[in-house]
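The structure appears below as structure tokens.
The values are calculated or read from the model by the stated rules, or taken from the named source; none is laboratory data. Everything numeric in this text was worked out from a predicted model, so none of it was measured. Heads up, the Cβs are rebuilt from the backbone with ideal geometry, glycines too, and the neighbour counts pull from every protein chain shown. Remember, those area values only see protein heavy atoms, side chains included, never the ligands or the DNA or RNA. Shrake-Rupley method; radii C 1.70, N 1.55, O 1.52, S 1.80 Å.
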Amino acid sequence: MTATAVSPRRAWPRVRVLRGLAWVTWRQHRLGLAGVLGVFGGLGLFMLFNGLAIHHADTSLGLNTCGELGGSSCQSQLAAFQQDYSSLADHLPHLLMILPGLIGVFTGAPLLARELESGTFRFAWTQGRTRVRWIVTKLVLLAVVLIMLALAFSALFTWWYGPFDPIAGRMAPYGSYEISGLVFAARTLFGFTLGALLGLMIRRVVPAMVATGIAWSAVMWSSMIYLRPAIRQPITQLGRQAKGPLPGSGGLPFNADVVNHWFQDAAGHHISYYQVISQAIAANGGTSPTPQKLGAWMAQQHYSQWVSYLPNTWFWHFQTIEATGYAILAVLLAITTVLALRRRAI
């Protein structure tokens, strides 16, 4: 009986970058990570090719050289650019802002719920590794990969949105603010750890996914509605009576996010915009007055226009505080998951 000897040159050792639990975690969750990478990659390719066209249009129209975007020298170029691309810039962020929640639903919730529902955790905990080391490895490895993907995607979106930044700004809620900077990655981490904890508590995949989606949405909308206005109060100033309450008028930065605008009479009482306009139209014989006539009429009535807004320069101040809040919540959720798994009799 003979055996064929293998040449030492052909017997290359197989070197693994990941070993032990890290390798097992990668093998278990590679399809989920591939799905996340596929979504980010598909959307990223679209933004790459579309962004090249947007940046080319911005340069060819001369929006970066025509002067003040709110001035008359840029009006025709700005109108042409917005006609072609403003709709996409307005609607795409609304789609992308839910991606962190979907990652939490489809990656975080099944992390432990699938193991507990199918019973495979019994086999995993008999391989010479404690349950604490098992869950810590899963959480850390997957969280690092998801954060890196989210940060790369956020950086690509920031480049794609670059030509719109001087026009619309980055402070408007439900827009580019939600995908740019650090908030997008922090929400991704929060959604993942939230799903992991709910999967441990509920122990069934589908109910855990539903609960993760509901809880993530509740926290996200609450932070936008209640937390963000508490970070820093908007700037309030007197606007010019001859112009409307829009960025670029009344001394406002062109890309400022107008939070609110209102009119006041001489006694300081607030008057709605529609009430002022209807009174001005009636005083002008039933026709809309020109801005100059409107300003003169408002001066006669002792009406003043006020505007509160968030300047674009506050972007990183808001991002840092909000992202830190999400990161702290994510760490607390991860610690709670580890402690609950350690102490819970399953």
Sorting Arg203, Arg27, Arg133 on solvent-accessible surface, 1.4 Å probe, most exposed first, gives Arg133, Arg27, Arg203
Measure of exposure for Thr65: accessible area at 1.4 Å probe, Å² rounded to 10, is 110
Cα pairs beyond 19 Å in region 294-346, in percent, come to 64
The summed charge of the Ser217 Cβ neighbourhood (under 15 Å; Lys/Arg +1, Asp/Glu -1) stands at 0
With all protein chains present, region 37-77 has a carbon and sulfur share of its accessible area (1.4 Å probe) in percent of 66
Heavy-atom accessible area per residue of region 171-230, all protein chains kept, 1.4 Å probe, expressed in Å², is 36
So, over other residues within a Cβ distance under 13 Å of Tyr174, counting Lys, Arg +1 and Asp, Glu -1, the net charge is -1
Cα-based Debye curve of region 80-238 sampled at q = 0.10, 0.12, 0.16 Å⁻¹ gives log₁₀ I(q)/I(0) of -0.46, -0.62, -0.93
